[in-house]
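Asks: Quick one: structure below, then a few questions.
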Amino acid sequence: MIEYTHKVLAVIPARAGSKRLPGKNTKLLAGKPLVQWTLDLALESPEIDLVAVTSDDPQILNLASNQKDCYCLERPAELSSDTATTFAVLKHTLEELNHKGIHPELTLLLQPTSPLRNQQDIQKGFNLFRDKKANSVISVCPVEHSPLWCNTLDDSVSMDRFLSPDILNKRSQDLPQHYRLNGAFYLAKSNLLLKNQGFFMVKSHALVMPTERSIDIDTLYDYEIAEFLMKRYFKLSTQADSSK
């Protein structure tokens, strides 16, 4: 039986490459590198005992090395490509830390591309994990447009049978609410994460987050929306503080 040395390890994966938005993890967002938003959040959370940043980018590793209670792991080339899976990166991180005698009971994945998640979301996720006696918790948000109004198109771009007859005349508010993964919060028991090769497993539960905090930056468009929301949030926060 594993003797756990830490309760919660937060892993922040931040590779250098990105085809659709080059250098996105170090790109400034509202005055700070994108990865710094997630790093600061993790280090400030009372639920997290240890933070590990895994990257092939010297700039990111240098940034993380200046933080207390933060492990920096240089990611091998085979785990830094577009085809490398997130699970493979997590497995490598856990194995490297195990070699150092670090055995976390829970592993939390915090992707730096979700900078608008906040401490309230983090705390809600851990509370849900405990209340549900869950094996894992995965964050989702409401879908902006129902997938029941979606379909594929062939070369003829015909709309014949694009929607099923029972959906055609329904209002959006009459359709069932759907949710999507938002990439902001993935928590699981470490041993089950490795066994299941991911966060989906028996006794998984959904952390429902608001859409406005669910931006997942993958393109310049995503980045510009996040920049707008960040500036709006800080403006509102400043106004609220000044009114006290």
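Asks: Report, ordered by the first and then the second residue, all pairs with beta carbons closer than 6 Å, sequence separation of six or more or different chains, a first member in region 19-33 that is under 12 Å from residue 224 (Cα atoms) and at pLDDT below 90, and a second member that is among the hydroxyl-bearing types (Ser, Thr, Tyr) and not in a helix (DSSP H, G or I).
Replies: From region 19-33, the pairs are 21/219.
Asks: Something else about it: Scan region 85-111 for residues that are touching a helix residue (DSSP H, G or I) at 6+ places or on another chain (Cβ under 7 Å) and either among the small types (Gly, Ala, Ser) or at pLDDT below 95 (or both) and jot them down.
Replies: Matches in region 85-111: 88 only.
Asks: Which pairs have Cβ atoms under 9 Å, sit 6 or more apart or on different chains, and link a residue in region 44-73 that is under 21 Å from residue 98 (Cα atoms) and touching a residue at least 60 places away in the same chain (Cβ under 8 Å) to one that is loosely packed, with under 15 Cβ neighbours inside 10 Å and among the basic types (Lys, Arg)?
Replies: Within 9 Å, the pairs are 47/7; 48/7.
Asks: Can I ask one more? Does residue 127 count as over 30 Å from residue 43 (Cβ atoms) and without any contact (Cβ under 8 Å) to a residue 60 or more places away in the chain?
Replies: No, not satisfied.
Asks: Further, regarding this structure: Which numbered condition in (1) surrounded by 18 or more Cβ atoms within 10 Å (Cβ to Cβ); (2) in contact with a strand residue (DSSP E or B) (Cβ under 8 Å, 6 or more places away or on another chain) is the only one that residue 65 fails?
Replies: Of the numbered conditions (1) surrounded by 18 or more Cβ atoms within 10 Å (Cβ to Cβ); (2) in contact with a strand residue (DSSP E or B) (Cβ under 8 Å, 6 or more places away or on another chain), the odd one out for residue 65 is (1).
Asks: Mind counting the residues in region 72-130 that are among the polar types (S, T, N, Q), farther than 24 Å from residue 4 by Cα and in a helix (DSSP H, G or I)?
Replies: Looking only at that region, the number is 2.
Asks: Hey, residue 151 hits all of (1) in a loop (DSSP other than H, G, I, E, B); (2) of a type in the set (S, T, N, Q); (3) farther than 30 Å from residue 22 by Cα; (4) in contact (Cβ under 8 Å) with a residue 24 or more places away in the chain but one; which does it fall short on?
Replies: For residue 151, the failing item is (4).
Asks: State whether one or more residues within region 147-158 are in contact with a strand residue (DSSP E or B) (Cβ under 6 Å, 6 or more places away or on another chain) and β-branched (Val, Ile, Thr).
Replies: No, region 147-158 contains no residue that is in contact with a strand residue (DSSP E or B) (Cβ under 6 Å, 6 or more places away or on another chain) and β-branched (Val, Ile, Thr).
Asks: What number of residues in region 1-14 are in a loop (DSSP other than H, G, I, E, B) and crowded, with 20+ Cβ neighbours inside 10 Å?
Replies: Residues in region 1-14 being in a loop (DSSP other than H, G, I, E, B) and crowded, with 20+ Cβ neighbours inside 10 Å: 1 in total.
Asks: So, one more: Would you pick out the residues in region 206-230 that are assigned to a helix (DSSP H, G or I) and buried (at least 19 other Cβ atoms within 10 Å of the Cβ)?
Replies: 213, 223, 226
Asks: Quick one: residue 61 ticks every box in (1) farther than 26 Å from residue 231 by Cα; (2) part of a strand (DSSP E or B); (3) not basic (Lys, Arg) except a single one, so which number is it?
Replies: (2)
Asks: Continuing with the same structure: Can you find a residue in region 154-177 that is under 30 Å from residue 35 (Cα atoms), of a type outside the set (Val, Ile, Thr) and surrounded by 12 or more Cβ atoms within 10 Å (Cβ to Cβ)?
Replies: No, region 154-177 contains no residue that is under 30 Å from residue 35 (Cα atoms), of a type outside the set (Val, Ile, Thr) and surrounded by 12 or more Cβ atoms within 10 Å (Cβ to Cβ).
Asks: Here's another thing I want to ask about it. Which count do you get for residues in region 68-104 that are among the basic types (Lys, Arg) and buried (at least 16 other Cβ atoms within 10 Å of the Cβ)?
Replies: Within region 68-104, residues that are among the basic types (Lys, Arg) and buried (at least 16 other Cβ atoms within 10 Å of the Cβ) number 1.
The values are calculated or read from the model by the stated rules, or taken from the named source; none is laboratory data. Predicted model, so just to flag it, every value in this text is computed and none were measured. Glycine also receives a Cβ, built like all others from the backbone with ideal geometry; neighbour counts cover every protein chain displayed.
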